[in-house]
Each structure stands twice: as C-alpha cells, then as structure tokens.
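To start, the structure under review is shown below, and the notes come after it.
Please treat every number below as a calculation from the coordinates, not as lab data. None of the values given here were measured: they were computed from a predicted structure. Please note: Cβ atoms are built from the backbone with ideal geometry, for glycine as well, and neighbour counts cover all protein chains shown.
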Amino acid sequence: MDEAAGTGGTESTPADPEGAEPASTAPQGTTADTSTDTDTSTSTDTSADDRTHRALSRRAVMGWAGAGLALGAAGGGSVAAAVTSGTNGGSASSDGSVPFYGEHQAGIATPVQDRLHFAAFDVLTDDKAELAALLKEWTSAAAAMTAGREVGTGAVDGPAEAPPDDTGEALGLPASRLTLTVGFGPSLFEQVAEDGTRTDRFGLRARRPAALIDLPHFPGDNLDPARSGGDLCVQACADDPQVAVHAIRNLARIGMGKVSVRWSQLGFGKTSSTTPDAQTPRNLMGFKDGTHNVSGTDTSTLDSHVWAGPGDGPDWMTGGSYLVARRIRMHIETWDREGLQAQEDVFGRTKGEGAPYGKQRERDTPDLGLMPKDAHVRLAHPDSNAGQMILRRGFSFTDGSDGLGRLDAGLFFLAYQRDTRKAFVPLQRRLAASDALNEYIQHVGSAHFACPPGVRKSGEWWGQSLLG
C-alpha cells in the first residue's frame, strides 16, 4: 500500500487528484409540457393528455404499427454524443465533467475522484456483431453520462407505456467528474472451460496481447472465483457515489441479455493520488498511501510506465494500458492491536507525517537502508524493483462483517501499467515473499484487463479497432 510500485502502501504508483470540488450541475433532461391550457380546473386532464400525446408521438417516431410495440431491448435507447472533447481525459471542466473523448481513456491518469463502482461482466452472447453493437451503445451512454446527461430519451421523457431509457437516480445531480473506463479480460479472447477446453468465441485469440496474461498464483493468495476474472470491466469513478452507481446500473441494464455482472465492488476514500500537490490520502490502516505515485501530468513517466507504446503489442492497444484489480482484505482487528512502533516498522514511515525513516517530511527522498528489510516501502519502492512503476487508483472498502464479528474491509487495489509482466508480476512476487504487511492483509479477489486507448471522437466506440 505504499511505494510507487507497491500493492499495499504509501509509495505506490496511484492516480488521484485531491478533492477537486464538483462543478455546477450539468443540464438534466426535463419533461416537456406541451399543454397550452392554463385553466387550473382542468390541469389533471391536461397532464394526462400530455402523457398520451408524448407516448403517441413516440410511437410515430419509432414506427409503431397496430398493436405491435417495437420497443427493442430494455434500456437500449440511442444516446446523443457528448460534446466534450479532450486529449487525455484530464481535469474537469467548469460544469464538473471530465472530457470523454481523447487519446487515452479517462479514469486512468485523470485526477482520482472520491468514489468508485467497479464491475466485471461475463459476456453471454457468442455473436461478435452483437458484442460490437453493445460496445457501441455503451460508448454512447458513457459519453452522455460523463457529460451529466441522461441516457437515451431520459428518465421521464419516453413513452408512458415503456420503461424509461434512464433509471433516473442521477436526475438533478452534477456530472461529479464521472469517468468510465472499459477493459477486456483474457477470457474474452479465449474462454477456458472447467475441463480445460479452450474456445475462441469471437475469433479474437490471435489478437490477444502477450501482456494480457493469466495472472500467476502468488504466495498468500486466497482468491474467491466469484470475485475474480471477467470478460469485460467498467470502472466508474465520481465524486458522488450515486453518480457512479447510476452509471454502472445503466450500462448493466443496456447489456441485459448480452452481458451479466460477474462481480462488483464499491469503494470510497481514494487511497492514491495522481496530483502530487494534493494532500496524500490515508488507507484504513491510518497511513498515508501513494506518496510517490505517478503524476497524471507527467507525460514522460506515463509514456514510459503506463501507456502501451507502438510495437509493444497489437496496434489496437497502442495508447491503452493494462489494469490489475485486486481485492485486498485487511485484518483490521489484528492491526488495531499492534503498537505504534510496530505499525510504523511495517511500512517504514511515520504514521503522523508519513515521513520515511530518518527523514522529516512525507515527500523527502527515502533512505531505504534505514528501514527494516521487510518494510513495505522498502520492498515496493522503484529503486528496489529495477525502476519499474505502476499508476495506482486504489480505494478503501467496507462490506459489512464476515459473520464472525470482524469487519470485511480493506483496499480495492487498481494499478495501471504498460506491461503487467514487467511491472505488477515481479513486484507482487517480491512483496508476497517477504513483505511485513502480509501478516495483516490477504488478497481475496483478482482480475486483469487490457484497457484500449481512448475514443477520439463522436461516432467511434470502445474496442472499435479490436472488433470493428
């Protein structure tokens, strides 16, 4: 949770800006009032007439004939493209929205928001064209929601007889710096059955990047299959939890029958920052986390350690990044019984200031030799890992209790990198072997995804260069 390479400490490579305030409320769709009757005595009837007129107009537009209602799939309304544009999905605009279009997907180097809803999906269809159509529709919906707009005809402007295109819980809320980041898991390229049979469902096996490996088992892993893997993932980050949940809910609704949620995770209190000038957040162990994370504005480091470059793999991944998601359970009760000195020895930093041992300030260059050999910061620091860095966007989580009176809480670790084989894998092997933090944590969920480059303009869609 630390060093720029770490999976559990304050020096890791995260991605988080500190507490940017949500901007003004983005325009929300409203129900048009077509009535011209100002007589209050007939207002009830007029309202009913309005709904009927709106529904009939909708029928005309959609070409409904006789008693047949060609409504299409639930939640499948088309969405007007977002007007915002950008290069790297950077800082929020004055209306609180982060540009959706750009060279890279937003939600990676973007200043980290305060809330997370992460979902992994299993693809139910075996039809490549149907999968492509879903990703097109998801992209349109994502462009609208990140701009603070409703999906399709909205929550109240559709026909009275049909389910609304938008579920409506974000009505009246600002965009809240919502970002949506999509990724493709190894099983999308090759599905492996329990008997070991491998199926190339979509003809994509040959296009799987070599860096998109099946992650190895690490010492201490206790992975729950129900919280691991996935064909697709969507990371929704926002400053308002309701906005993030709304986004995942609507994408899942649009995908009904084509995809299903395999697992999801809510997160709060970002544990990493991609804005070095911001206050460093603390994890649930009370320590500052992500002090030496990759800065979202350091283009040189991003190019070297985060973005896949030309020649790294298939062309469709150039400008993208590889995401490792790990659900890390913290043994909070055991940790809380440790003395302060023992806690600081585990990290190699002071708990108050966050200064590395032998230094005065949090951001002072650490002298790794002054720390215990098994200190998390010492093992996770880039200087101990051939200079390799990862960009972290971790979040804390609490999911109630485990049924034995203990909190089910910890870190939902998200790390982006140029090549997982060269960054996360060797780092985690090192940490799993001798990190003092292992006594207090356990990895219980894991997934790996290839996140393609950004959607550059309206009309293009997530994964177009892979599936188009």
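Structure data summary
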read-out	value
Anisotropy class of the stretch 83-199 from Cα gyration tensor, a/c 1.5 cut	oblate
Percent of alpha-carbon pairs separated by more than 17 Å within the stretch 380-430	49 percent
Cα gyration tensor category, rounded, prolate or oblate, for the stretch 303-420 with a/c compared to 1.5	oblate
Listed peptides 341-352, 361-372 by packing density, highest first (mean Cβ within 10 Å)	341-352, 361-372
Binned Cα-Cα distance frequencies in the stretch 289-347 - 10 Å width, integer %	17, 30, 23, 20, 10, 1
Distance between the stretch 378-403 and the stretch 164-178 - C-alpha centres, whole angstrom	31 Å
Whole-number Å³ per residue for the convex hull built on Cα positions in the stretch 198-263	162 Å³
Computed E for D399/R337 - FRET, C-beta separation, R0 22 angstrom, nearest 0.05	0.50
Principal axis dimensions, largest first and in whole angstrom, of the stretch 220-351 by Cα	52, 37, 33
Length added when fully stretched, R363-F268, from 0.36 nm per residue minus Cα-Cα	31.8 nm
